[in-house]
Amino acid sequence: MAIEKNYYTIDPQGKLKCFKCGVPLIKGKAKFMYLDNGFPVELPVCPVCGFVYVPEELALGKVASVERALEDK
Amino acid sequence: MAQIQERGSTHVYKVNKISKEEVDGMVARCVYEDPPFCSAACPLKLDARAFLQAAAAGSFKKALQLYEKIAPFPLILSAGCEAPCEGKCRLGEIGEGLAIREVERAVARFGEQSRLGGIFRTKKRRTVAVLGSGLFALLLAGELEKKAYPVTVLCEEPDEDAYLRAAAPFLDEEAFRLELKRLRGKDIQFAFSCRPDAALLEQTRQNTDVLCASWELTQRLCPGAVSIPELVFCEEERIVSGPTAGVMEAAFAAKKAALTVDRLVQNLDPRNTRGQEGAVESRLYTDLSEAKERSRVPVGEGYTKEEAVREAGRCIQCHCEECLKSCAYLKHYKKHPGLLAKEIYNNTQIIMGDHQLNKPMNACSLCGQCTVVCPNGFDMARVCHLARQNMVSTDKMPLAPHEFALLDMLFSNNEAFLARPQPGFETCKYVFFPGCQAAAIAPETVKAAYLDLCARLPGGVALMLGCCGAICDWAGRYEMEEQTRDFLDRELSKLGDPIVIAGCPSCKKELESHEGLQIVGVWDLLLEIGLPEGARGLDRPAALHDACGARGDARTQDAIRELARRMGCALTETPFDRDRSPCCGYGGLSAYANREVAGEMTEKCLERSDAPYISYCMACRDRFARQGRESRHILELCYGTDAGSPPDISEKRANRLRLKNELLQQLWLEEPMEKKLTYELLWTDEARRMMDERMILTDDVIAVLEGFRENGEAIEDEDGLLVARRRVGNATFWVKFEPAGEGYRVHRAWSHRMRVEKREG
Ligand code: SF4
Ligand code: SF4
Ligand SMILES: [Zn+2]
């Protein structure tokens, strides 16, 4: 099995639920994209509808700092 | 809703050149790094500022180290130096120039020599010999030793004592003793009691890489030798030597000769790459107002240590920091402003990689204060503005720092835009243009002013609520600026091309770039037609803050003062007024691109006085009020209105819409198209606070909730709160909320610009 590099991983550990589908979110594969650059990550995802959750800490922390860095490229 | 296209990629590998003359011309205007006048006058280039600072601090050891950089034998130089520095000392213009040489003498006498002698240094490989004795030979040997050459002196004298006496017979006994000790401490090889003849010359030439000699010996052994004065070099004979008269000249010649040796050992032409030698002209600017002691400490028999400390303490450390004193932005980056300018220009020329100067480039408020306070008219606003436009032209400019402001401008010129002739008129003689910030911050004042102008001016007064375009200009978005200009021109022509009554100095300035537009400030008109009834100044002394938009516009500055006077305002004097006024932090979009620096700018404005502030730009009024200062716009006083505590970002939008709708209804009897929510929205205090801080609008939150109402997509967290999201323009907004009664209570909100999606696999 090929080892994939993930820039960030969050495991919801059964604490989050998809409101629409009524199922717990699981750790799933997702991708951040900005200004023509992409980053594979693992985030809480709904196994049914595919809703990807970006928690506040992640948005304001890691995501914001990567955004700033890319903006100045 | 309006949108702005985000740049497509970070992989843009082209730049648009900025002219080299532009860059060099601007950088050269800043004299920050010009030497102080004393150092400039010194052919040996003593760092007099640092030297005097050390001496003033009583640190004679450090002062001596600095002096030894130019003087291998400090007592010899200070005894005979002609001190050209003293005549150039700026203190001479208001009193007596500093007695630099006397301080040097004291330092040479009392300064402790640093123990780390030459023996610990790695020596150079190439060897040098100095033939003969005398002042030049001694000083040259000293210079070469300082440069770590293995030096051999070949002389007739039997020992060091005699050698030193031949060179410096003018030293008194104490000085002689000290210099002898110093000479013995130096890593110089001596061959004493030599017979200086042609044979010795030839033999030495064989044994060393470079040959130097006293001028006396050169002439004796090589009659007719010609020395090139700039090089102190007899090219034909290949002897480093030349005539000198006096201590100063010998010291300077020794310095030049040592540089010639440097070139010769590398087999280079000694004429090349010598840099600037000797005294130079300085353009440094010095503010003499801080000089305290104007007279010299009397010299008498030479300074004692204490006297030298006192005299050195008179040095005002000439530095040009005029712009740093007044501009919080330049102070924040605290470096040579010319260099900062160069780095910002260079930043635009980076083909690939990080643009580390984006932040400073976008933090300048483009206010033009530096150009006024700089003795040479250094213009950072131009640098940063050109750089921003340049980055926009190559699509390298990040949108994020300016997007909120640009969207706000689009909001002003779309949803919140209004252009109507005065009721009862088809076209008008005037149009009142209060500016987007006035409508956002003080809508009641705008309304009162408009009604008053309609009532008192003949020929009809139209109203135009919108943004003048300064925002896109500041952002460097020149195409948007062009579009805005065309748009406003079209709207103005529909109103019959009226005379614009500007309510904001920045609008006035921006609109002046339109061709054929006639513009007056509302302040000028009010002076002309008289103040409205009920106009009243503050009953306490107030500080008037001049708007950066009115820089260079004395007429406006005067008009505001006259209005204030007529209303009975007592204005207190503040430093940095009129053309020298600092920017509140809103200009140039600093507040959006760099909150920290913008905050420092606001502080800088407020530190001038403890009194309430009166301003004539709504953005200034707002920023001062946000800082907790009592702050009023001159129009609020004219119309007896009080805009109260500053609105948050969403209220600023709501105010504009409300003003437009109210006026449409009341004056033009039009039913505005208002979107009414069909459900109730409640907020926690924390949600409101974080939205303002994170630049998230009520409208953004509503967009998310509308989306949720349509598709039901959300997640439920541990506490049972729901989190929904929606992409609006270039950002994704997240809202944490709970259903409450007929609607929702919003708890938190956040956003990011990256897109996120599920990945297969
Ligand atoms: S005022 Fe500022 S920009 Fe002008 S010369 Fe002095 S340091 Fe340089
Ligand atoms: S903020 Fe104003 S004074 Fe400061 S560098 Fe920019 S234009 Fe000059
Ligand atoms: Zn789902």
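Taken together, the criteria place B:Leu259 among residues that are within 41 Å of the chain's Cα centre (by Cα), under 22 Å from B:Ala41 (Cα atoms) and open to solvent by 20 Å² or more (accessible area, probe 1.4 Å). Being within 39 Å of the chain's Cα centre (by Cα), of a type outside the set (Ser, Thr, Tyr) and open to solvent by less than 10 Å² (accessible area, probe 1.4 Å) is a property that holds for B:Gly466.
Residue under question is A:Lys15, and the condition is that it be away from ligand 3 (no atom under 15 Å from the Cβ) and either among the aromatic types (Phe, Trp, Tyr) or in contact with a Ser or Thr (Cβ under 7 Å, 6 or more places away or on another chain) (or both); does it hold? Criteria not met by A:Lys15. Out of the residues in the range B:345-369 that are outside any helix (DSSP H, G or I) and within 13 Å of ligand 2 (Cβ to nearest atom), which is nearest to the other protein chains (Cβ to nearest Cβ)? The extreme case among them is B:Cys364.
Exactly one residue out of B:Ala543, B:Ala564 is surrounded by 19 or more Cβ atoms within 10 Å (Cβ to Cβ) and in a strand (DSSP E or B): that is B:Ala543.
Within the range B:294-327, track down each residue that is away from ligand 1 (no atom under 16 Å from the Cβ), over 19 Å from B:Lys61 (Cα atoms) and touching a residue at least 60 places away in the same chain (Cβ under 8 Å).
Of the residues in the range B:294-327, the ones away from ligand 1 (no atom under 16 Å from the Cβ) are B:294-315.
From what's left, over 19 Å from B:Lys61 (Cα atoms): B:294-301, B:314.
Correct list: B:Arg294, B:Ser295, B:Arg296, B:Val297, B:Val299, B:Arg314.
At least 1 residues being within 12 Å of chain A (Cβ to nearest Cβ) is the threshold, and among the strands (runs of 3 or more DSSP E) wholly inside the range B:668-761 those reaching it are B:722-728, B:731-740, B:743-752, B:755-758. Considering the range B:375-413, and only residues there that are away from ligand 1 (no atom under 16 Å from the Cβ) and of a type in the set (Phe, Trp, Tyr), the residue that is surrounded by the fewest Cβ atoms within 10 Å (Cβ to Cβ) turns out to be B:Phe404. Taken together, B:Gly476, B:Gly466, B:Gly435 contain a single residue that is in contact with a Gly (Cβ under 7 Å, 6 or more places away or on another chain) and under 30 Å from B:Met361 (Cβ atoms), which is B:Gly435. Against the list (1) within 15 Å of ligand 3 (Cβ to nearest atom); (2) touching a Ser or Thr at 6+ places or on another chain (Cβ under 8 Å); (3) not hydrophobic (A, V, I, L, M, F, W, C), the condition A:Glu42 fails is (1).
Restricting A:Glu56, A:Glu67 to residues that are facing another protein chain (nearest Cβ under 7 Å), open to solvent by less than 30 Å² (accessible area, probe 1.4 Å) and within 25 Å of B:Gln5 (Cα to Cα) narrows the list to A:Glu67. A single entry from B:Ala593, B:Ala535, B:Ala619 fulfils the requirement of being under 21 Å from B:Ala502 (Cα atoms), assigned by TED's automatic domain parsing to the domain that holds B:Glu481 and within 16 Å of ligand 2 (Cβ to nearest atom): B:Ala619.
With respect to (1) open to solvent by 10 Å² or more (accessible area, probe 1.4 Å); (2) assigned to a helix (DSSP H, G or I); (3) of a type in the set (Gly, Ala, Ser); (4) within 27 Å of B:Arg561 (Cβ to Cβ), the lone exception for B:Gly628 is condition (2).
Going through (1) facing another protein chain (nearest Cβ under 7 Å); (2) under 11 Å from the mean Cα position of the chain (by Cα); (3) not in a helix (DSSP H, G or I) one by one, A:Lys73 falls short only on (2).
Filtering B:Lys17, B:Lys45 for residues that are more than 14 Å from every other protein chain (Cβ to nearest Cβ), at positive phi and either aromatic (Phe, Trp, Tyr) or open to solvent by 40 Å² or more (accessible area, probe 1.4 Å) (or both) leaves a single hit, B:Lys45. Would the range A:27-49 turn up any residue that is over 16 Å from B:Glu757 (Cβ atoms), surrounded by 14 or more Cβ atoms within 10 Å (Cβ to Cβ), at the interface with another protein chain (Cβ under 9 Å from one of its Cβ atoms) and modelled with pLDDT of 95 or more? No, because not a single residue in the range A:27-49 is over 16 Å from B:Glu757 (Cβ atoms), surrounded by 14 or more Cβ atoms within 10 Å (Cβ to Cβ), at the interface with another protein chain (Cβ under 9 Å from one of its Cβ atoms) and modelled with pLDDT of 95 or more.
Scan the range B:664-699 for residues that are under 18 Å from B:Glu651 (Cα atoms) and touching a residue at least 24 places away in the same chain (Cβ under 8 Å) and the total you get is 18. I want to confirm something. Restricting to the range B:346-372 and keeping residues that are open to solvent by less than 50 Å² (accessible area, probe 1.4 Å) and farther than 22 Å from B:Asp24 by Cβ, which single residue is farthest from ligand 3 (Cβ to nearest atom)? Among residues in the range B:346-372 that are open to solvent by less than 50 Å² (accessible area, probe 1.4 Å) and farther than 22 Å from B:Asp24 by Cβ, the one farthest from ligand 3 (Cβ to nearest atom) is B:Gln369.
When each of B:Gln189, B:Gln203 is tested for being out of contact with any Cys (no Cβ under 6 Å at 6 or more places or on another chain), over 24 Å from B:Glu68 (Cα atoms) and in the same structural domain as B:Gly134 (by TED's automatic domain parsing), the lone residue that passes is B:Gln203.
With respect to (1) touching a residue at least 60 places away in the same chain (Cβ under 8 Å); (2) within 20 Å of B:Glu157 (Cβ to Cβ); (3) open to solvent by 10 Å² or more (accessible area, probe 1.4 Å), the lone exception for B:Cys212 is condition (3). Among the candidates B:Asn376, B:Asn347, B:Asn358, the residue that is of a type in the set (S, T, N, Q), in contact (Cβ under 8 Å) with a residue 12 or more places away in the chain and under 30 Å from B:Glu96 (Cβ atoms) is uniquely B:Asn376. Scanning the range B:538-562 for residues that are more than 13 Å from ligand 2 (Cβ to nearest atom) and in contact with a Cys (Cβ under 7 Å, 6 or more places away or on another chain) yields a total of 3.
Out of all the residues in the range B:552-560, is one or more in a helix (DSSP H, G or I), of a type in the set (Gly, Ala, Ser) and either within 16 Å of ligand 1 (Cβ to nearest atom) or within 21 Å of B:Ser326 (Cα to Cα) (or both)? Yes - at least one qualifying residue is present in the range B:552-560.
The values are calculated or read from the model by the stated rules, or taken from the named source; none is laboratory data. None of the values given here were measured: they were computed from a predicted structure. A quick note on method: Cβ atoms are made from the backbone with ideal geometry, for glycine too, and the neighbour counts reach across all protein chains shown. When the accessible area is computed, the model is the full protein with side chains, heavy atoms only, and any ligands, DNA or RNA have been set aside. Shrake-Rupley method; radii C 1.70, N 1.55, O 1.52, S 1.80 Å.
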